[in-house]
């Protein structure tokens, strides 16, 4: 079995398919993360999914046996919130998203409006209540000059039965009718998320490993940011997908405990 | 004023922005069409809009003073219906569209279903009742192997207040979540619609003029089919748009009566 050769000061873990699947920790996850922490490494957790808050993720990890404070969770709704706070604090937003995202933005001082002529930013996100009325408001607002941004660009969110259309569907609908491309997508693999992770860890990229199950988001973002990258085969990436991809991580791990060199475990 | 140099055996007229705007005939339309008919030319009418039936369009033209039989109207829902009848008669369809389209397909013997595993074709169209539930069915059906086609690919339908997101929004949403491109779009500028027009006229392309207000649909399709093309400036195309476009029609008309050479009028 191949192991990562040394212990790094910082680790970024994707969640779904990397640390857990549904309500179950994946093999090796608990031991790897607790061992890294015991050795003094800093661990942060990353999700593109804007349907839950950072507090929800922190609570879930804690419940599964990995006690984690809220500030070590980075998700796309939080990154969007931070980006907007620096770009246009208090701006008028029209958000195609679900209540956790809406609440988070409202609590951060943004004004949510459905009046197209007052909207400064249209935010496209994962929204299981997306409908034509929302599409019309987004269309009218963008035609009236609003900027068009998104939390994430995942095509679908895998489920036991298949998947749920994710933010890429909302982006595609708006791009389709306006003829304009989304300006900023903050979620991984965006450098905006990479910077948020590095800021949280307080470490240079070369001191950090990103661990995830998706080559085109986790691994690509890590490579572009200059981190060490480790793909784990417990999620969507199979050896066949890996062999066919132009994105090749520094390490390929069967399970997360391969993050611990035998000498350190 | 520039006139078309001669009378042709066949004429194809776009409707909105060419023959009428809302409930009003455009200047010269009545005289031009009635004169062409009196001279023995055959006139057919074309719309990409799948929200009304051919009977609705025939009734509207007749009400406005241009008596027109249903069989001289070609719209994208009818072309889709014809295409599907030759490709897969009686097939199981899931249609994202409004009732006139659904009724037309049902009357033609197609089975409409929302059971994703039974769908053979997902049909994307202009649908002001589009929502996440429909998107989910389309996603599931296409992932299970259904083919993905569309009536038209217009971005939006112009209205006095701005516009309504058209079929391109539905196509974009489905492409966004599935990662697959729509396979066939039958509406203009597709050669499928051009062929339907020529079949209806029963004439070779060189004997026909297509008259419309949109360079990228009406004029482009006519050029690709080998028809003579005439852009009329009563709709979306302005002299500035025309000057900037790579698509240049054979004739540019201020009004439809410029279709009649002075010697013939």
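The values are calculated or read from the model by the stated rules, or taken from the named source; none is laboratory data. Please read all numbers here as calculations on a predicted model, not as lab measurements. All Cβ positions, glycine included, derive from the backbone under ideal geometry; neighbour counts span all protein chains shown.
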| task | Confirm whether residue A:11 is in a strand (DSSP E or B) and either at pLDDT below 95 or surrounded by 18 or more Cβ atoms within 10 Å (Cβ to Cβ) (or both). | result | yes
| query | What is the residue count in segment A:59-108 for residues that are in contact with a strand residue (DSSP E or B) (Cβ under 6 Å, 6 or more places away or on another chain) and farther than 16 Å from residue A:122 by Cα? | reply | 5
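For every residue, the table says whether it meets (1) in contact with a helix residue (DSSP H, G or I) (Cβ under 6 Å, 6 or more places away or on another chain); (2) touching a residue at least 40 places away in the same chain (Cβ under 8 Å).
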position	(1), (2)
A:3	yes, yes
A:12	yes, yes
A:30	no, no
A:39	no, yes
A:51	no, yes
A:65	yes, yes
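Do we have residue B:74 as more than 14 Å from chain A (Cβ to nearest Cβ), crowded, with 20+ Cβ neighbours inside 10 Å, in contact (Cβ under 8 Å) with a residue 12 or more places away in the chain and assigned to a loop (DSSP other than H, G, I, E, B) here?
no
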| task | Kindly indicate whether any position in segment B:105-113 is away from chain A (no Cβ under 14 Å), surrounded by 22 or more Cβ atoms within 10 Å (Cβ to Cβ) and in a loop (DSSP other than H, G, I, E, B). | result | yes
| query | Residues in segment B:175-192: is at least one modelled with pLDDT of 95 or more and over 28 Å from residue A:138 (Cβ atoms)? | reply | yes
| query | Limited to segment B:117-129, what total is found for residues that are buried (at least 19 other Cβ atoms within 10 Å of the Cβ) and under 21 Å from residue A:173 (Cα atoms)? | reply | 7
| message | Within segment B:30-38, does at least one residue satisfy the condition of being within 30 Å of residue B:115 (Cβ to Cβ) and not in a strand (DSSP E or B)? | response | no
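Yes or no: residue B:56 outside any loop (DSSP other than H, G, I, E, B) and within 14 Å of chain A (Cβ to nearest Cβ)?
So residue B:56 fails the test.
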| request: Would you please name the residue that is nearest to residue A:153 (Cα to Cα), looking only at residues in segment B:146-174 that are touching a helix residue (DSSP H, G or I) at 6+ places or on another chain (Cβ under 9 Å), at the interface with another protein chain (Cβ under 10 Å from one of its Cβ atoms) and surrounded by fewer than 23 Cβ atoms within 10 Å (Cβ to Cβ)? | output: B:155
| field | Restricting segment A:118-132 to residues that are farther than 17 Å from residue B:165 by Cβ and in a strand (DSSP E or B), the residue that is farthest from the other protein chains (Cβ to nearest Cβ) | value | A:121
| Test result for residue A:56, outside the structural domain of residue A:217 (by TED's automatic domain parsing), in contact (Cβ under 8 Å) with a residue 12 or more places away in the chain and touching a strand residue (DSSP E or B) at 6+ places or on another chain (Cβ under 6 Å) | no
| request: Could you tell me whether segment B:182-189 includes any residue that is touching a helix residue (DSSP H, G or I) at 6+ places or on another chain (Cβ under 7 Å) and within 13 Å of chain A (Cβ to nearest Cβ)? | output: yes
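Limited to segment A:133-145, what total is found for residues that are surrounded by fewer than 18 Cβ atoms within 10 Å (Cβ to Cβ) and within 11 Å of chain B (Cβ to nearest Cβ)?
Here the count works out to 3.
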| message | Looking at segment B:124-137, can you tell me whether even one residue there is in contact with a helix residue (DSSP H, G or I) (Cβ under 8 Å, 6 or more places away or on another chain), at pLDDT 95 or above and over 17 Å from residue B:97 (Cβ atoms)? | response | no
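What helices (runs of 4 or more DSSP H) lie completely within segment B:177-265 and have 3 or more residues being crowded, with 18+ Cβ neighbours inside 10 Å? Before the answer, list the steps.
Values: elements: B:191-201, B:220-225, B:239-244.
Output list reads B:191-201, B:220-225.
Inspect all residues belonging to segment B:198-212 and state whether any of them is under 18 Å from the mean Cα position of the chain (by Cα), under 14 Å from residue B:13 (Cβ atoms) and free of Cβ contacts under 8 Å to residues at least 60 places away in the same chain. Quick ask: steps written out before the conclusion?
Step one: filter segment B:198-212 for residues under 18 Å from the mean Cα position of the chain (by Cα), giving B:198-201, B:205, B:208-212.
In the following step, the residues that additionally are under 14 Å from residue B:13 (Cβ atoms) were identified as B:200-201, B:208-212.
Subset that is free of Cβ contacts under 8 Å to residues at least 60 places away in the same chain: none.
No; the residues of segment B:198-212 include none that is under 18 Å from the mean Cα position of the chain (by Cα), under 14 Å from residue B:13 (Cβ atoms) and free of Cβ contacts under 8 Å to residues at least 60 places away in the same chain.
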